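Here the structure comes first, spelled out in structure tokens, and everything after it is commentary.
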Amino acid sequence: MRPFDHLTLMQFTWAALSILGFSIRVNLRGWKIFFLALGGGLSWAIYLIFLYYSDSLLFSIFCSVILVCSYSEIVARLLKVPVSVFVTCVIIPLVPGSNLYYAMQGFISGNSALAAQNSYKVLLISGTIAMAIAVVSSVTNLIFRLRNRF
């Protein structure tokens, strides 16, 4: 799969539509849901592009979260919405749901090797997402402190 083909566009569209539905479900209104859907689609598309060029799952997730959290910081300030609303919604496509499902399936069926392998992936991906969010939040906080100081 190449990064700029119809399959990437289709996955972008489905990720955007899923975040659109999620944002409507949690009672967000107005233009916010459009920008949330765009951010959710971008997070998955950026992840696919970085995954194609780097072949590294964690690096792809880290770069995608860095870029999408930067997008969230900018758009949330423009729309006067808490940044946490945007960050929480736009990273949903990157959450390791399938690995968590297979880890639980391994635990239930008694297959501890499958459970351990998928639990390890869940912890790595979740830690990468948390680290990227912390980096963007810290840099943004530092920039605003420096801007207010001078």
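Residue by residue through the stretch 50-87, note down the ones that are of a type in the set (A, V, I, L, M), farther than 16 Å from Asn141 by Cα and in contact with a Phe, Trp or Tyr (Cβ under 8 Å, 6 or more places away or on another chain).
Within the stretch 50-87, Ile61, Leu79 qualify.
Give the number of residues within the stretch 47-82 that are assigned to a helix (DSSP H, G or I), touching a residue at least 12 places away in the same chain (Cβ under 8 Å) and not polar (S, T, N, Q). Let's see the steps before the verdict.
Pass one, the stretch 47-82, residues assigned to a helix (DSSP H, G or I): 47-54, 57-79.
Among the residues that remain, those that are also touching a residue at least 12 places away in the same chain (Cβ under 8 Å) are: 47-50, 52-53, 57-58, 60-73, 75, 79.
Going one step further and asking which of them are not polar (S, T, N, Q), we end up with 47-50, 52-53, 57-58, 61-63, 65-69, 71, 73, 75, 79.
Number of matching residues: 20.
Cβ-Cβ below 7 Å, separation at least six or inter-chain, first residue in the stretch 136-148 and touching a residue at least 24 places away in the same chain (Cβ under 8 Å) and within 13 Å of Ile74 (Cβ to Cβ), second among the aliphatic types (A, V, I, L, M) and surrounded by 10 or more Cβ atoms within 10 Å (Cβ to Cβ): which pairs?
Between residues of the stretch 136-148 that are touching a residue at least 24 places away in the same chain (Cβ under 8 Å) and within 13 Å of Ile74 (Cβ to Cβ) and residues that are among the aliphatic types (A, V, I, L, M) and surrounded by 10 or more Cβ atoms within 10 Å (Cβ to Cβ), the close pairs are Val136/Ile66.
Restricting attention to the stretch 84-115, which residues are in contact (Cβ under 8 Å) with a residue 40 or more places away in the chain and not in a loop (DSSP other than H, G, I, E, B)? Explain how you work it out, then say what you get.
Keep residues of the stretch 84-115 that are in contact (Cβ under 8 Å) with a residue 40 or more places away in the chain, which gives 85-87, 89-94.
The answer is Val85, Phe86, Val87, Cys89, Val90, Ile92, Pro93, Leu94.
Mind listing just one residue for me: the one in the stretch 1-60 that is over 23 Å from Pro82 (Cα atoms) and touching a Lys or Arg at 6+ places or on another chain (Cβ under 9 Å) and, of those, modelled with the lowest pLDDT?
Checked the stretch 1-60; the qualifying residue modelled with the lowest pLDDT is Thr8.
Quick one: would you say Tyr47 is closer than 26 Å to Tyr120 by Cα and more than 16 Å from the chain's Cα centre (by Cα)? Give the steps one after another, and end with the answer.
Details: closer than 26 Å to Tyr120 by Cα: yes; more than 16 Å from the chain's Cα centre (by Cα): no.
Spelling it out, it is not the case that Tyr47 is closer than 26 Å to Tyr120 by Cα and more than 16 Å from the chain's Cα centre (by Cα).
Conditions first: (1) of a type in the set (A, V, I, L, M); (2) surrounded by 18 or more Cβ atoms within 10 Å (Cβ to Cβ); (3) under 30 Å from Phe4 (Cβ atoms). Val95 passes all but one, so which condition is the exception?
That leaves (2) as the condition not met.
Can you go through Phe144, Phe107, Phe150 and tell me which one is under 22 Å from Leu67 (Cβ atoms) and of a type in the set (Phe, Trp, Tyr)?
Phe144
Taking the stated definitions as given, is Ile33 within 12 Å of the chain's Cα centre (by Cα) and in a helix (DSSP H, G or I)? Even if it seems obvious, please write down each step before you answer.
Working: within 12 Å of the chain's Cα centre (by Cα): no; in a helix (DSSP H, G or I): yes.
No.
The values are calculated or read from the model by the stated rules, or taken from the named source; none is laboratory data. Note that the coordinates shown come from a computational prediction; the quantities given were computed from them, not determined experimentally. Please note: Cβ atoms are built from the backbone with ideal geometry, for glycine as well, and neighbour counts cover all protein chains shown.
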